[in-house]
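The values are calculated or read from the model by the stated rules, or taken from the named source; none is laboratory data. As the structure is a computational prediction, the values presented were derived from the model and not from experiment. Here the Cβ is made from the backbone with ideal geometry for all residues, glycine too, and neighbour counts use every protein chain on show.
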């Protein structure tokens with residue numbers, strides 16, 4: 001009968017704790033990216049990779065908890081989608097470093113500017129997770145800020161591409177532009193995942209209203 005008790009036992013505190021941890025890792029992942037951009041080296045790359053691995057483990061635990069629980073504080077589909085969006089956000093942030101290393105690219109202005117905006121977004125995401133249950137209206141306010149930041153990231157992304165592809169000089173320059181575009185796309189994709197997480201939070205707010 002013990003397994004039955006575990007199956008029906010509410011795990012509200014676990015889910016909230018894990019979502020908040022994912023929010024924390026979202027912040028740390030962007031901070032690790034910024035540290036790498038300021039001084040790219042193997043040590044900082046390894047540190048960023050470890051953050052991504054640790055965040056993946058939190059995501060795996062949350063999914064396991066979800067599969068093992070009958071009672072959840074939110075719709076299980078919402079919890080799963082929210083956790084996946086946060087995990088994808090972190091993956092794309094680390095993917096930026098991977099791509100820069102693969103393409104042997106040095107940090108450039110546009111990637112640093114977009115990383116700054118993503119740090120603001122990650123902090124708002126973290127606050128959203130902290131307020132999700134006890135203060136849902138405050139969580140929605142932070143979610144709206146996340147969406148505004150996503151618009152700013154996309155604006156920066158489009159203008160960076162416009163500057164990047166302005167009057168290419170030669171084939172080598174074109175290859176460099178294409179590499180830079182792929183790196184910037186990772187940051188844009190990260191912002192999209194943050195926006196998706198904000199949408200899920202706002203949907204939850206509508207269900208509770």
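General observations
Conditions (1) without any contact (Cβ under 8 Å) to a residue 40 or more places away in the chain; (2) closer than 13 Å to residue 196 by Cα; (3) touching a strand residue (DSSP E or B) at 6+ places or on another chain (Cβ under 8 Å), marked per residue:
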residue	(1), (2), (3)
75	no, no, no
92	no, no, no
95	no, no, no
119	no, no, no
129	no, no, no
132	no, no, no
145	yes, yes, no
149	no, yes, no
160	no, no, no
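- Check on residue 65, touching a helix residue (DSSP H, G or I) at 6+ places or on another chain (Cβ under 6 Å), part of a helix (DSSP H, G or I) and at pLDDT below 95: yes
- Residue within segment 129-142 that is surrounded by 21 or more Cβ atoms within 10 Å (Cβ to Cβ), under 13 Å from the mean Cα position of the chain (by Cα) and under 20 Å from residue 87 (Cα atoms) present: yes
- Some residue of segment 160-179 being closer than 30 Å to residue 16 by Cα and either within 20 Å of the chain's Cα centre (by Cα) or not in a helix (DSSP H, G or I) (or both): no
- Per-region count, segment 91-110, residues more than 29 Å from residue 202 (Cα to Cα) and assigned to a helix (DSSP H, G or I): 8
- Inside segment 74-83, residues that are surrounded by fewer than 18 Cβ atoms within 10 Å (Cβ to Cβ) and either over 15 Å from the mean Cα position of the chain (by Cα) or closer than 13 Å to residue 55 by Cβ (or both) make up a count of 4.
- Taking the numbered list (1) at pLDDT 95 or above; (2) over 19 Å from residue 90 (Cα atoms); (3) buried (at least 16 other Cβ atoms within 10 Å of the Cβ) in turn, residue 193 passes all entries but (2).
- Residue 44 vs. criteria under 30 Å from residue 107 (Cβ atoms), assigned to a helix (DSSP H, G or I) and touching a residue at least 24 places away in the same chain (Cβ under 8 Å): no
- If the condition is being over 12 Å from residue 201 (Cα atoms), at pLDDT below 95 and assigned to a helix (DSSP H, G or I), then segment 133-158 contributes no residue at all.
- Residue satisfying all of: in segment 180-209; within 24 Å of the chain's Cα centre (by Cα) and free of Cβ contacts under 8 Å to residues at least 60 places away in the same chain; farthest from residue 142 (Cα to Cα) among these: 181
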